[in-house]
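Have a look at the structure below before the remarks.
The values are calculated or read from the model by the stated rules, or taken from the named source; none is laboratory data. Here the structure is a predicted model, which means the values were calculated and not measured. Because the Cβ atoms are built from the backbone with ideal geometry, glycine has one as well, and the counts that use them run over all protein chains shown. To get the accessible areas, we keep the full protein, side chains included, count just its heavy atoms, and leave off ligands, DNA and RNA. Shrake-Rupley method; radii C 1.70, N 1.55, O 1.52, S 1.80 Å.
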Amino acid sequence: METGTGMTEETGARDVANDRECGELLRQSLLEFREKDGSSGLQRLVDDIESICRSLSGPSGRDRIRRHWWTLERVYASDVLRGGCATLPEESGKQVDAAVAELESAAGELCESGQARAA
């Protein structure tokens, strides 16, 4: 049955399940990053989030996550240009912490509803 948006109920349910799975993968990636404590896991986190974004079905969730991914990508690029320091400068660390907190919130919303609402 079509829902009026060109999407069948089956497709919609599949998208919700996919987004929930992406939320769980995002939570796991963020947890692993927090356990590594520092810039050593930043490249892996950036790569993981990029892959997760490509797998999301809804544009609002994808846009919200990509916005915070971009912050992490910039910090990682700056870190590489500095020679890959063992610890991030204070300001970069604050940016990473804020982006990770927003991503944790987005992951929770994906897990709960299957779609991250726009921030």
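Contact annotation: residue pairs with Cβ atoms under 6 Å, 6 or more positions apart or on different chains, pairing a residue in the range 13-24 that is closer than 13 Å to Cys53 by Cα with a partner that is outside any helix (DSSP H, G or I) and open to solvent by 50 Å² or more (accessible area, probe 1.4 Å), are Asp19/Gln115. Here Leu42 does not qualify as closer than 25 Å to Lys94 by Cβ, at pLDDT 95 or above and open to solvent by less than 60 Å² (accessible area, probe 1.4 Å).
The residue of the range 76-119 that is modelled with the lowest pLDDT, among those that are assigned to a loop (DSSP other than H, G, I, E, B) and open to solvent by less than 30 Å² (accessible area, probe 1.4 Å), is Ala116. I need the full set of residues from the range 64-79 which are out of contact with any Cys (no Cβ under 9 Å at 6 or more places or on another chain) and under 13 Å from Glu102 (Cα atoms), in order please. Of everything in the range 64-79, those that are out of contact with any Cys (no Cβ under 9 Å at 6 or more places or on another chain) and under 13 Å from Glu102 (Cα atoms) turn out to be Arg64, Arg67, His68, Trp70, Thr71, Leu72. Total residues in the range 52-75 satisfying the condition of being closer than 19 Å to Arg14 by Cβ and in a helix (DSSP H, G or I): the figure is 8.
For the residues Ser60, Ser51, the requirement of being surrounded by fewer than 16 Cβ atoms within 10 Å (Cβ to Cβ), modelled with pLDDT of 90 or more and hydroxyl-bearing (Ser, Thr, Tyr) singles out Ser51.
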